[in-house]
Amino acid sequence: MGFIPDATFISGCTMHPDGKTLLVCESQTGRILAIDLTQSDHWSAWLTHAHLEPDHPHWPGANGIKIADGWAWITVSGGTRWTGRR
């Protein structure tokens, strides 16, 4: 994995079904990052949404991600929010 300059709080990850991409929660900025494991320093924001951001200054935002039945299920601290993406 390479350097991600503005990723300050990485928490939770899972492999994408393509087998080449690691999906990572960036808990501070409300993003799910897609890190290409076949190329050094190659990543992008896979999902960005306000519901993934922290809703309390002392809690992380998105902090867990799993793939099930073709959907990415993401948990967020501080509430009962979750989201899915195919």
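Return the pairs, sorted by first residue and then second, in which the second residue is surrounded by 12 or more Cβ atoms within 10 Å (Cβ to Cβ) and modelled with pLDDT of 90 or more, the first residue lies in region 38-49 and is assigned to a loop (DSSP other than H, G, I, E, B), the beta carbons are less than 8 Å apart, and the residues are 6+ apart or on different chains.
38/20; 42/35; 42/36
I'd like the residue in region 5-15 that is modelled with pLDDT of 80 or more and polar (S, T, N, Q) and, out of all such residues, is surrounded by the most Cβ atoms within 10 Å (Cβ to Cβ).
Checking each candidate, the answer is 14.
Here's the yes/no breakdown for (1) at pLDDT below 85; (2) among the aromatic types (Phe, Trp, Tyr):
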residue	(1), (2)
40	yes, no
46	no, yes
58	yes, no
63	no, no
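So, of the residues in region 21-54 that are within 17 Å of residue 78 (Cβ to Cβ) and of a type in the set (Asp, Glu), which turns out to be surrounded by the most Cβ atoms within 10 Å (Cβ to Cβ)?
26
Going by the conditions given, is residue 18 in contact (Cβ under 8 Å) with a residue 24 or more places away in the chain, surrounded by fewer than 18 Cβ atoms within 10 Å (Cβ to Cβ) and of a type in the set (D, E, K, R)?
Against the criterion (in contact (Cβ under 8 Å) with a residue 24 or more places away in the chain, surrounded by fewer than 18 Cβ atoms within 10 Å (Cβ to Cβ) and of a type in the set (D, E, K, R)), residue 18 does not qualify.
The values are calculated or read from the model by the stated rules, or taken from the named source; none is laboratory data. What you are looking at is a predicted structure, and each value in this text was computed from that prediction instead of being measured. A quick note on method: Cβ atoms are made from the backbone with ideal geometry, for glycine too, and the neighbour counts reach across all protein chains shown.
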